[in-house]
1. Amide H of H133 versus every other amide H placed in the peptide plane: which residues, excluding those fewer than 5 positions away on the same chain, fall under 5 Å?
2. If Lys and Arg each add +1 and Asp and Glu each add -1, what is the summed charge of the other residues whose beta carbon sits under 10 Å from the beta carbon of L71?
3. Please give the contour-minus-distance gain from M63 to T164: 0.36 nm per residue of separation, less the Cα-Cα distance, rounded to one decimal in nm.
4. Cβ under 12 Å from Q21's Cβ, Q21 left aside: what net charge do those residues give with Lys, Arg +1 and Asp, Glu -1?
5. Taking K175 as the anchor, which lysines have their alpha carbon closer than 30 Å to its alpha carbon, excluding any fewer than eight residues away along the same chain?
6. Starting from the alpha-carbon convex hull of the stretch 4-89, give the projected area averaged over all orientations, in nm².
7. Just add up the charged neighbours of T173: K/R +1, D/E -1, any other residue whose Cβ is under 11 Å from the Cβ of T173.
8. How many angstrom separate the Cα center of the stretch 38-78 from the Cα center of the stretch 130-182?
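Each value in this text was obtained by applying a stated rule to the coordinates, not by laboratory testing. The structure presented is a predicted model; accordingly, all values stated were derived computationally and were not measured. Cβ: placed from backbone, ideal geometry, glycine included. Neighbour counts: every protein chain shown.
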Amino acid sequence: MTTDIDVNLIEGLRRQSPKAQQQMLERYGHAVFAQVARLVPSFEDAEEVYQDVFVKVFKNINMYDAEQSSLKTWISHIAYNESISFLRHKTMPVIYYEDREGEAEKLSESEVEATFGHPNPETVQLIRAALKHLPPDERAIITMFYYEEMSLKEIAYVTESIPTTIASKLSRTRKKLSLLSR
């Protein structure tokens with residue numbers, strides 16, 4: 001599950017090497033920010049959660065178990081929990097993050113087609129808009145499955161669930177997205 005590069009990176013992080021911390025940010029930073037930005041409403045809040053994720057990763061690297069998951073999946077687990085925790089404690093109204101900087105990827109037409117059949121450009125836009133209206137946990141499952149191409153087992157690990165539950169939630173969320181995009 002863990003690559004040789006990750007093994008060396010983990011060893012450096014356990015020694016609290018600034019070089020290893022920088023390599024971690026370079027290797028996983030963009031993906032983590034994209035994951036957080038899809039869940040957390042504003043750019044500034046997403047940056048704050050992103051920083052919290054890596055502080056937690058650096059602080060808890062000794063708790064990482066390569067037998068349970070890949071390093072990427074473990075970091076995704078922390079990013080998911082930090083994002084959901086932030087949203088639970090946020091008392092302000094939800095305003096969805098608008099991707100002006102290109103940090104959060106868009107749902108590609110092929111991903112939309114795989115879920116909803118062959119859509120026209122108008123349908124793609126409707127689905128993208130509908131995705132913004134899903135609750136954070138449902139949006140997270142959809143984005144992990146389609147954007148990050150995580151398996152049901154990996155998503156279950158990240159969300160502290162089981163694969164069959166994730167499959168059910170994914171199915172229900174697809175149906176909800178289908179209804180929202182009409």
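1. Sorted by chain and number, the residues that satisfy this come to none at all.
2. Residues near L71 contribute +1 overall.
3. Contour length minus the Cα-Cα distance gives 33.7 nm.
4. +4
5. Reachable lysines: K72, K90, K106, K132, K153.
6. Approximately 5.4 nm², given one-decimal rounding.
7. Around T173, the surrounding residues sum to +4.
8. 19 Å
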